[in-house]
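Everything below concerns the one structure shown next.
The values are calculated or read from the model by the stated rules, or taken from the named source; none is laboratory data. None of the values given here were measured: they were computed from a predicted structure. Here Cβ is always computed from backbone atoms with ideal geometry, including for glycine, and neighbour counts include all displayed protein chains. Heads up: the accessible areas ignore ligands, DNA and RNA and are worked out on the full protein's heavy atoms, side chains in. Shrake-Rupley method; radii C 1.70, N 1.55, O 1.52, S 1.80 Å.
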Amino acid sequence: MQVDRYERYWLWAATGMLVLFTGAIVITALAGSAHPPSHVETVNPETLDISGEFATPGVATAADGSVTVVMRAEFYVFRPEVVRVPLGRAVTFRITSPDVLHGFQIVGTNVNVTVAPGYVSEVTTTFTEPGEYLVVCNEYCGLAHHNMQGTLIVEAEP
Ligand code: CUA
């Protein structure tokens, strides 16, 4: 079969890029123990409101100053509905669902995780802009999905 020389060059170039990119994914995944932000830690969705950290969702500050926000995403609300976190400090969100798949997206930031029942989704970020942020569910979860919103307030510390 006759393949034009330039076409052959492009075929090799495209194949080379595929090998390069696939290799980069494999190497960084192995070297950095990379994994998706969710679906690593499991939790029993049936006992969320009875025991454990998700029974009392809210914001906690550790002795070292790090902030953890424990949240539940459920039919059709985030608990707590209003979250206040400090500006310029690492904030870790730990979220799970007692019912169906939900989303947790802080509009205007790159925080965007899927929240699946039975799993804890964890994401850490540092807010650099104070203000009020809209939190939305971006996975269709039922008839009132469009009403599932929360508020995140990032406050500068005195
Ligand atoms: Cu929860 Cu859509």
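Values as computed for the structure displayed
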item: Cα-based shape type of region 116-158, given that a ≥ b ≥ c are square roots of the gyration tensor eigenvalues and the cut on a/c is 1.5; result: oblate
item: The chain - accessible surface per residue (Å², probe 1.4 Å); result: 62
item: Fully extended contour minus Cα-Cα distance, from residue 3 to residue 101, at 0.36 nm per residue; result: 30.3 nm
item: Sparsely packed chymotrypsin sites (Phe, Trp or Tyr not before Pro) within region 48-92, loop by DSSP, other Cβ within 10 Å at most 11; result: none
item: Interchain or long-range residues, amide H under 5 Å from residue 89's placed H; result: 127
item: Label point distance in nm, residue 55-residue 110, each placed 7 Å from Cα along Cα→Cβ; result: 3.8
item: Residue among 118, 103, 131 with the largest mean-square fluctuation in a Gaussian network model of the chain, springs linking Cα atoms under 10 Å; result: 131
item: Segment residue 22-residue 124, extension gain: residue separation times 0.36 nm, minus the distance between their alpha carbons; result: 34.0 nm
item: Residues residue 42 and residue 75, FRET efficiency given R0 of 35 Å [Cβ-Cβ distance, rounded to 0.05]; result: 0.95
item: Expected 222 nm ellipticity per residue - DSSP helices of 4 or more, -39500 (n - 2.57), all of the chain, to 500; result: -6000 deg cm²/dmol
item: Stretch gain in nm, segment residue 92-residue 11, where the contour uses 0.36 nm per residue and the Cα spacing is subtracted; result: 24.6 nm
item: Mean projected area (nm²) of the alpha-carbon convex hull when the chain is viewed from all directions; result: 14.7
